[in-house]
Amino acid sequence: MSYNPGEDVIEVVRGPAPGAAAGAYRAFGETLRGLKTTFARIVEGPTTIQYPEEKTPVYPRFRGRHKLHRFEDTGLEKCVGCSLCAAACPADCIRVVAAENTPVNRVSAGERYAAVYEINLSRCIFCGYCEVACPFDAITMGHDYEMSDYTRSDLIFTKEMLLAEPIERTPLRSEGE
Amino acid sequence: MPRPEQKEIQFTIDGREVRAIEGAMLVDAAKHGDVEIPFFCYEPKLGNPVGACRMCLVEIEGIPKLQTSCSTPVKDGMVVHTQTDRVHAAQNAVVEFLLVNHPLDCPVCDKGGECPLQDITFGWGRGRSRFIEPKRHFVKPLSLSPLVAIDRERCILCYRCVRFSQEVAEDYQLIFAERGAHTYVSTFDGHPYVAPFSGNIIELCPVGALTSKPYRFRARPWDIEGAGGICTLCPSQCNVQFTVRDETVMRVLARENDEVDDGWLCDKGRFAYQSIHVDERIAAPLVRDGGELREVSWERALSVAAGLARHRGRVGALVGGQATNEEGFLLQSLMRQGLESPDIDSRGRASVPLELGRALAAPSLQAAVPDLEFAHTVLVLGCEPLDDAPILDLRIRKGVRRRGVNLAIASARPSALDANAKLSLRYPPGTEAAFLAELAAALAGPPSSGDISALAKLLLEGGEDVVILWGERVAADALPTLLRIAERLGLSGRAGAGLLEVPSGANGRGLREAGVLPGVGPGYAPAPAGRSAAQIAAAAADGRLTALYLFQTDPVRELPDRALWEAALHRAALVVAHASVLTEGIREHAAVVFPAESHAEKEGTVVHPDGRLQRLRGAIGHPNQVRAGWSVLAEISARVGHDQGVLTSPMAWEQLVAAVPFYAGLTLQEIGGRGVRWPDRAQAAQMPAGSAPSAPAPPGGSASSAPVAGAPANGGLRLGSYRPIWASPEVEISPALKFTICRQHVELSPQDAARLGIDHGEAVEVSQLDGSSAAYSGEAGSQARGKLEGTRVHGTAAVRSGVPQGTAFLADGIAQDSANELTEAVVEVRKP
Ligand code: SF4
Ligand code: SF4
Ligand code: SF4
Ligand code: SF4
Ligand code: FES
């Protein structure tokens, strides 16, 4: 029995053979059009940013590495260890263990303070929910985005690291830029 | 007393036809229609509603004003609306009003995240307050007691804590001081609120006004996990929920089970969890090396313990109340089959022969815990519920207060329940047999005058549901009479009536059923005769037993006759112990100490005094080098050549079920989180029947000499003992409970105190008077006798009006100056 391809027959449709003029245009016309853009940009000079010697400036609301804050007048920590940031964090990367302030050891303004405050930056997705959740503006997202390290455990930032004034390495975009 | 009948009615809520129990409060009935009504002060556990907070207002057709749904019982055909504008306006207003003085310092408030006020404000409040006036301020936080912190600014005056103190615990300490906007919760004169049940107010408070000090700022609800468990610090076996953060128990909450604890906990159960994570707890196996216990590897410790094989036939074992059924079962098998030593006991005081034990544990004779509440008459015999099983004290109070139970108390020592009792009878310590014989005679004979006849009359005529709650301290020779009285009252086979024994160990009942008794095998099967605890002590002291196995018990501390036990432990060549705290007997005498699990780590089953099998589940992993008790027992068993084939705790359970006919067919799943009462199952018929010996049995091996009836002639005082609720090593090492640590309080009657010239609170010295008793015989006995002569117990005099003249009560089970140093029935109390 001979093979019946049935409805599976494929018809190949070929375009008309190119003429000489159309072929020449195809070879050079489009290339020249592209080159026009190239030459037009050459006169503008290079725009490559030479990272890490040069850094992209970030917007003021850029969400980079977190910072914990102190009151400027008293020097007490703003964080009272309420754990609301930990509750809000979708990546579950904040760990807070609170303790009680005593007259001899007053760390924060409230009754309690964060004895342990850790953010695991290798898990953080920089969503900024922690900043929104904080009732005392104790944690904010900073501008630093250079956080690579050699071991994962070094990316767990402790309270002391978050409280320390970060070395400002990131330029900020000026107004309207 | 028959339980109230429950009739179903139909009512309409928010346009939905709903069926509910007649007489239920609307706020509960609404749940049947999936309607949630917010409330703060309503708490059925506290008794009748008070309607203090007005949060639960609803509209009922036919009643012009809004009604509090927490105090309005539902009626047939009622039409209720909870979603009308009037109701919403009222709810908004109540929330706004409650927040007038509320500080809203949720970030630092320990209740934040699990706060009904937060939830209700969010769900039913308006979201905005019109008050701009300054709020009322109090100093905060203050200590209400060493365990509870109070923040008066946050209090919404819901009355819950005050009602608990006034109507549930009946310690009458908490009150509302001042009136109107100045009202605040306080104790009289601002004394600390120290009471055995004070921790419950923390859980009751719907806001962060009352918070736990040990849990203060430890965690937020989203940091923690809850793990159901059982408290095995006393026989009440309350159901608890462990709050766990980072493999650490952070607090203990009640896990409501009406059949067991009614949703309350005592402070021991609530705060002694701290003993799990303290340095005093034994963390690794210890072996005595040059007179000192030193940490060693498990291998070394197990091989030392395997030396038990060399003492085959001469090993004695004692099992403490915290052991699970599985551990008891494995240990009795190790002893009986592996070491051919039938000397194993879990009853420290009196030993009860097999037949009598069976008769007392007969399923038809067992009362359940709720029966205490619904009985016509409850007789508390020879125990102090507050000390021996605290939660039963609350249950009895509830029965008396809310259901009019007739309460009678017959005990040697005055009871905390005396004030609630219709009748309180006192007998000299140790004379239960004589007392019960008189009672039996009064029950049988014609009515006459006298206290005992009055008790007989109450038992006979107060109603047919009688529950007798009796303690392990009741002398063994009184038990046949107790059975006869139960028979006379027709308690057998009667639902809602019966006997309820409070053993001295938390799992005392389960251990007996698992065969941890001399001459009694698993399931009350006969077993080769063995020695009771007191006989083990005597045999070890004179060298007939050469090795001792102490499973979570320290006889020097727990059992009567300290001197004899010291001699026994001293003489024994090998003492193997499982312990979590180095109590004196273990520290001085054990050759090997295995770190024992806490009740938050154990996996296994226990039996409640009323026959309810309950399941322990590991809430946390084993800290440090602690290993499961069953696995250590199985390992030692294998090393002495008796492989029990147990690789997991459920395998031990299966062996136990196979060995105990009245557990037949029970699975761990079936026991689940609520437990199963085996006397209610059909298989309970498999329990071998017992019989009471017709003649009173001789006091089985109890070391105490014959009790003295009348007041001692020689100016001495009869010695009675009691175990305070706080007398436990777990309490002693819990930092939060340090303030409760028991010292010896010698309870004296005012008359005796006056005669002896002793004032309340003075230091006293107690010594033995009668040196002629024949408790000690043989060569070891005379050794111990030498020690005995100089025995002096020091304590503080506590003059208590209820104490009968001629008796002094001393605490036992405490670390120092315990009553178990005294072995004579008559003592002399004087100023040192
Ligand atoms: S930025 Fe987002 S993911 Fe990162 S810590 Fe905050 S809440 Fe968590
Ligand atoms: S009681 Fe509740 S509402 Fe009040 S401060 Fe505490 S968490 Fe907030
Ligand atoms: S302290 Fe708590 S439980 Fe007591 S009245 Fe105030 S809010 Fe209610
Ligand atoms: S009454 Fe007993 S079982 Fe209940 S919490 Fe207290 S110690 Fe634990
Ligand atoms: S719950 Fe009804 S008034 Fe408080």
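The values are calculated or read from the model by the stated rules, or taken from the named source; none is laboratory data. Given the structure is predicted, the values throughout are model-derived calculations rather than measurements. Counting neighbours? That spans all protein chains shown, and the Cβs are built from the backbone with ideal geometry, glycine included. Side chains included, ligands, DNA and RNA excluded: accessible areas come from the protein's heavy atoms. Shrake-Rupley method; radii C 1.70, N 1.55, O 1.52, S 1.80 Å.
Of the residues that make up region A:72-84, is at least one open to solvent by 100 Å² or more (accessible area, probe 1.4 Å) and in contact (Cβ under 8 Å) with a residue 24 or more places away in the chain? No.
Residues in region A:135-177 that are in contact with a strand residue (DSSP E or B) (Cβ under 8 Å, 6 or more places away or on another chain) and either within 14 Å of chain B (Cβ to nearest Cβ) or part of a loop (DSSP other than H, G, I, E, B) (or both): A:ALA138, A:ILE139, A:GLY142, A:HIS143, A:TYR145, A:THR158, A:PRO166, A:THR170, A:PRO171, A:ARG173.
Residues in region A:133-149 that are open to solvent by 40 Å² or more (accessible area, probe 1.4 Å) and under 19 Å from A:GLY110 (Cα atoms): 3 in all. Filtering A:ARG70, A:ARG41, A:ARG26, A:ARG65 for residues that are under 22 Å from A:MET147 (Cα atoms) and among the basic types (Lys, Arg) leaves a single hit, A:ARG65.
Scan B:ALA664, B:ALA628 and give me the residue that is modelled with pLDDT of 95 or more and either of a type in the set (A, V, I, L, M) or surrounded by 15 or more Cβ atoms within 10 Å (Cβ to Cβ) (or both).
The match here is B:ALA628.
Looking at B:VAL162, B:VAL148, just one residue is over 23 Å from A:GLY110 (Cα atoms), within 11 Å of ligand 3 (Cβ to nearest atom) and among the β-branched types (Val, Ile, Thr), and that residue is B:VAL162.
Residue count for region B:106-140 satisfying the condition of being within 14 Å of chain A (Cβ to nearest Cβ), part of a loop (DSSP other than H, G, I, E, B) and without any contact (Cβ under 8 Å) to a residue 40 or more places away in the chain: 2.
Would a scan of region A:116-132 turn up a residue that is among the charged types (D, E, K, R), open to solvent by 40 Å² or more (accessible area, probe 1.4 Å) and away from chain B (no Cβ under 14 Å)?
yes
If I filter region B:82-95 for residues that are within 14 Å of chain A (Cβ to nearest Cβ) and either under 30 Å from A:SER108 (Cα atoms) or more than 16 Å from ligand 2 (Cβ to nearest atom) (or both), do I get at least one hit? Within region B:82-95 (the criterion being within 14 Å of chain A (Cβ to nearest Cβ) and either under 30 Å from A:SER108 (Cα atoms) or more than 16 Å from ligand 2 (Cβ to nearest atom) (or both)), the answer is no, since none of the residues qualifies.
Within region B:108-130, no residue satisfies the criterion of being surrounded by fewer than 17 Cβ atoms within 10 Å (Cβ to Cβ) and within 13 Å of ligand 3 (Cβ to nearest atom).
So, B:PRO522, is that one over 25 Å from the mean Cα position of the chain (by Cα) and within 17 Å of B:SER341 (Cα to Cα) or not? Answer is no for this residue.
B:ASP171 meets all of the listed conditions (1) surrounded by fewer than 21 Cβ atoms within 10 Å (Cβ to Cβ); (2) more than 16 Å from ligand 4 (Cβ to nearest atom); (3) at pLDDT below 95 but one, namely (2).
Please find, within region B:96-105, the residue that is farthest from the other protein chains (Cβ to nearest Cβ) out of those that are on the phi < 0 side of the Ramachandran plot and part of a loop (DSSP other than H, G, I, E, B). Here the answer is B:VAL100.
Could we say that B:GLY208 is open to solvent by less than 30 Å² (accessible area, probe 1.4 Å), within 14 Å of chain A (Cβ to nearest Cβ) and in a loop (DSSP other than H, G, I, E, B) here? Spelling it out, B:GLY208 is indeed open to solvent by less than 30 Å² (accessible area, probe 1.4 Å), within 14 Å of chain A (Cβ to nearest Cβ) and in a loop (DSSP other than H, G, I, E, B). What about B:ILE150, is it touching a Leu at 6+ places or on another chain (Cβ under 9 Å) and within 14 Å of chain A (Cβ to nearest Cβ)? Yes. Within 20 Å of A:GLU165 (Cα to Cα) and more than 16 Å from ligand 3 (Cβ to nearest atom): which single residue out of A:GLU53, A:GLU44, A:GLU77 fits that description? Of A:GLU53, A:GLU44, A:GLU77, the one residue that is within 20 Å of A:GLU165 (Cα to Cα) and more than 16 Å from ligand 3 (Cβ to nearest atom) is A:GLU77. Tallying residues that are touching a helix residue (DSSP H, G or I) at 6+ places or on another chain (Cβ under 6 Å) and either near ligand 1 (Cβ under 10 Å from one of its atoms) or not assigned by TED's automatic domain parsing to the domain that holds A:PHE126 (or both) within region A:69-110 yields 5. Region B:215-269 holds strands (runs of 3 or more DSSP E) entirely within its bounds, and those carrying 1 or more residues that are open to solvent by less than 40 Å² (accessible area, probe 1.4 Å) and within 14 Å of chain A (Cβ to nearest Cβ) map to B:239-245, B:248-254. Considered as a group, the residues in region A:74-115 that are of a type in the set (Lys, Arg) and in a strand (DSSP E or B) include one that is farthest from the other protein chains (Cβ to nearest Cβ), and that residue is A:ARG95. Listed conditions (1) without any contact (Cβ under 8 Å) to a residue 12 or more places away in the chain; (2) farther than 24 Å from A:ARG169 by Cβ; (3) not in a helix (DSSP H, G or I) are all met by A:GLY29, apart from (3). Residues in region B:10-34 that are more than 15 Å from ligand 5 (Cβ to nearest atom), open to solvent by less than 10 Å² (accessible area, probe 1.4 Å) and either farther than 23 Å from B:ALA89 by Cβ or among the aliphatic types (A, V, I, L, M) (or both): B:PHE11, B:ILE13, B:VAL18, B:ALA20. Restricting attention to region B:174-197, the residues that are part of a helix (DSSP H, G or I) and either on the phi > 0 side of the Ramachandran plot or buried (at least 21 other Cβ atoms within 10 Å of the Cβ) (or both) total 3. Of all the listed residues (B:PRO49, B:PRO38), the sole one being buried (at least 17 other Cβ atoms within 10 Å of the Cβ), more than 16 Å from ligand 1 (Cβ to nearest atom) and at pLDDT 95 or above is B:PRO38.
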